[in-house]
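Single-structure report; data block below.
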Amino acid sequence: MNLSRQFIIRPVATALLTAAIVLAGIVAYRQLPVAALPQVDYPTIQTVTFYPGASPDVMASGVTAPLERQFGQLPGLKQMTSISSSGSSIVTLQFDLALSIDVAEQQVQAAINAAATFLPRDLPNPPVYSKVNPADAPVLTLGVTSRSLPLTVVEDLADTRLVQKIAQLPGVGLVTLSGGQKPAVRIQVNPARLAANGLTMDDVRIAVAAANVNQAKGSLDGPLQSFTISANDQIHQSHQYKALVIAYRNNAPLLLSDVADVIDSAENIRQAAWMGDQPAIIVNIQRQPGANLIEVVDRVKQLLPQLQSALPSSVPVTVLTDRTTTIRASVHDVQFELMLAVVLVVLVIFVFLRSAAATFIPGITVPVSIVGTFAVMYGLGFSLNNLSLMALTISTGFVVDDAVVMIENISRYIEEGEPPLQAAFVGSSQIGFTILSLTVSLIAVLIPLLFMGDIVGRLFREFALTLSAAILVSAVVSLTLTPMLCAKLLKPGAFARAAERQFDNLVAFYGRTLRWVLNHQTATLIVAIGTLALTLMLYLIVPKGLFPIQDTGVILGISEAPQNISFDAMAERQQALGRVILQDPAVASISSFIGIDGTNTTLNSGRIQITLKPLAERGESVGEVMSRLRPALAKVDGITLYLQPVQDLTVENRVSRTQFQYSLEDPDEDELRAWAPKFVARLRELPELHDVATDQLDQGLQARVQIDRATASRLGITPQMIVDALYNAFGQRQISTVFTQLNQYRVVLEVLPEFRMDPSVLDRVYLRSSAGGQVPLSTLATIEQRATALAVSHQGQFPAVTVSFNLAPRVRSACRRASRPGSRARRGPSRPRSPTSRS
């Protein structure tokens, strides 16, 4: 049976079939998305809950625990991590690769609804979830600032005119604003004046909440006309709050301005961000897991001119970081390498065959096979990325084999005097099943890659299927187009003479080298054994990892200051780090922010995203830039900055200071708290490791109010009254809302700044006894200062501590040596933050 006969005798049909393959490949190539790597993201959802003023313990027990209880029952949940800090709870859920993220989203929403009855009743907002991996760096970072407008106005413009539109784009998972300058009305009470008038903070809260309402009022419907009822029941401006009557004293009204300062400010004054060294609002755009990064960024950039036109001219929007720049460049380089590989293969064939006609045939069939593969890739939903293009580059060596085998067999019969057409019939008939067997055997080699599981299987499945598709298309072309071209182009003698001369020279050279080897058998065996030994030794020495470190041109820096640092001091030190970084000649721009939000979790830490100049301009790798920055950054007192190059492949779901993470879990929190520092101390002694850090933050300062319940009960004061008084004074409590057609703005209650400097000001807090008198807090409670945790981390539902570090070889054995003391804390799963490492 001759598989190629019908294609040989119908050259026009064969040419049309080839044209169809090429056309389909060209059309598919233009439609294929561009990415750095195949889509291998775990379905990941992050849930964020804010409760201003709540301590980490309250967040962990009152917010995180009820959510974890419901999330832990979700089918397909692979990993759950959480961190509870002051006023913030972040729960990250990572699901099995086989689960659709849309299905996971529905499950998460149902779990949040089920947990709602256990959450605090005065939460300003319910938990909010986003389909995003928090460890995935933003695909695009924008800076919004103004030299003429306050940041509160800039934030409001960015929130209402930028974020809403960008978040609607397909593939965008989360858009966050760092800098936290959302407008608000802040009521700063003088507790001494308040107590002198016989009032408490709760009286102010109730008066303000009752004076600012926005509710339905009904309508009037007469015989001829109807009216809707409206009223000036809502207060929009801060000066209107100043005239609010909160009580009457001596037959005269007591205004809010008599006991408090009312100002226009920000909703959260403990957040800040900078673009370079200029205060700004940073817009971070993250993609959904599985979304194509290039497409997401292109959609945002196409929308930016329209969004910029909606902003005042004094509010420019600047692109600070674009992760697609290096991705486009790397894919372009691989595309060039692919074309170069095709050219080199054709040139090598010409050197050996020395026949233009014989070289022309594989010169046509090889590009046709590769172009046809693009159509298969499009049908399978693949993208043009480094691995799929690498598969096509490798396939040039395979696809040319089919053509060469077919040409050689047909040319053999031409050498024997057969006419080209008859030679094509006979040669293709004999070699057809050989090509099929070659195709099947080559694809069989790739079967293990096709059945690999988890993240590695997803990563290399696209590589294996692309290579398999190229081999299959090559087999089709070799059985159709190649024999047809041989029948039309090959001439008697031309190929034979050229091939014979080359093969004679090659056989002669091989004969000389073979005789030398046979005459020196002992030396040959010694070389073979030495090569094997050297190979084994190199296998042990060469660093091993999932993926090499990439130079994406972006560095993520996580700053860490003493745990008891104030916000103002943290802001000064964060800016000092930024000034040092901006002095480096390789740095193009930076974005920096501090404060507790959905990205940052504690007041003593911050983020700095460093965008480097293009590699051609800086002339050095990202590793060299970090090595140069570290000594200069170490000179900044009172703060440490951990640097990590941003990678396109992220397999972890948390941001780490360094390359590796090692988790410790223990149901007994006290035991974990005792053994984790010993574990970290031992790791720091090991020469194999450096930059050892931990997320165990248990050295913050706490002013603990010890209530004398007997005294409080005698005075008619309940713990609830005490907690409310403290929350009103020091918790940035959101007591009312100003509604507009574009956004909602909070009214925040607190004491004046001078009354929240240190624990001694707690004596200025007064409560009303059952007899109506003012009772200072010190009468029924004592204040104790002690260390406390700034954040509480969980792995699953167990308390956990994560240790991160950079390493030299043999890190796992080093970890085992450090953990030999009798800690019974269970070691959690250790997975690399970066694809360059192995746990």
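A few points about this structure:
- Short-range pairs are left out: with C-alpha atoms under 8 Å and at least six residues apart, the relative contact order of the chain is 19 percent.
- Overall form of segment 80-204 per C-alpha gyration tensor (a/c, 1.5; a/b vs b/c): oblate
- Each of Ile21, Gly87, Gln39 was scored by the projection of its Cα onto the charge dipole of segment 1-121, and the greatest displacement toward the positive side belongs to Ile21; charges sit on the C-beta of Lys, Arg, Asp and Glu.
- Cα gyration tensor category, rounded, prolate or oblate, for the chain with a/c compared to 1.5: prolate
- Couplings 3J(HN,Hα) for segment 109-114, derived from phi with the Karplus relation 6.51 cos²θ - 1.76 cosθ + 1.60 (θ = phi - 60°), are 4, 5, 5, 5, 4, 5 Hz, where x marks Gly and Pro.
- Taking the centroid of alpha carbons for each part, segment 635-700 and segment 752-768 are 36 Å apart.
- Look at the Cα gyration tensor of segment 1-122: its axes a ≥ b ≥ c give a/c of at least 1.5 with a/b over b/c, and that counts as prolate.
- Placing unit charges on the Cβ atoms only, positive for Lys and Arg and negative for Asp and Glu, gives the chain a dipole magnitude near 1060 debye about its Cα centre.
- Lys/Arg +1, Asp/Glu -1 at C-beta; the chain dipole; positive extreme among Ile229, Thr782, Leu629: Leu629
- Among Ser589, Ser61, the order of accessible area from largest down is Ser61, Ser589, computed with a 1.4 Å probe on protein heavy atoms.
- With the helix formula -39500 (n - 2.57) applied to DSSP H stretches of n ≥ 4, the chain reaches a computed 222 nm mean residue ellipticity of -15000 deg cm²/dmol.
- Cross-link reach is defined here as a Cα-Cα straight distance under 25 Å, omitting same-chain residues fewer than 8 places apart; for Lys635 the lysines meeting it are Lys613.
- Set of lysines near Lys301 by C-alpha distance (under 16 Å), chain-local residues within fewer than 8 positions excluded: Lys165
- Estimated at the nearest 10 Å², the accessible area of Met757 is 140 Å² with a 1.4 Å probe.
- Most to least packed among 642-649, 73-80 [average Cβ atoms within 10 Å]: 642-649, 73-80
- Residue order for Ile565, Ile282 - accessible surface, 1.4 angstrom probe, largest first: Ile565, Ile282
- Protection proxy ranking, highest mean first, for peptides 28-39, 298-309: 28-39, 298-309, where packing is the per-residue count of other beta-carbon atoms within 10 Å, averaged.
- Qualifying lysines (Cα of each under 27 Å from Cα of Lys544; at least 8 residues distant if same chain): Lys78
- Ranked order, Met339, Met390 - accessible area, probe 1.4 Å, largest first: Met339, Met390
- Whole-percent carbon and sulfur share, accessible surface of the chain, 1.4 Å: 58
- Helix 420-450 vs. the chain, principal-axis angle (Cα, 0 to 90°, nearest 10): 30
- Residue-level accessible surface for Ile187, protein heavy atoms, 1.4 Å, Å²: 0
The values are calculated or read from the model by the stated rules, or taken from the named source; none is laboratory data. Note that this is a predicted model, so its numbers are computed, not measured. With ideal geometry, Cβ positions are generated from the backbone for all residues, glycine too; neighbour counts draw on all protein chains shown. The protein model used for the area step is the full one, side chains on, heavy atoms only, and it has no ligands, DNA or RNA in it. Shrake-Rupley method; radii C 1.70, N 1.55, O 1.52, S 1.80 Å.
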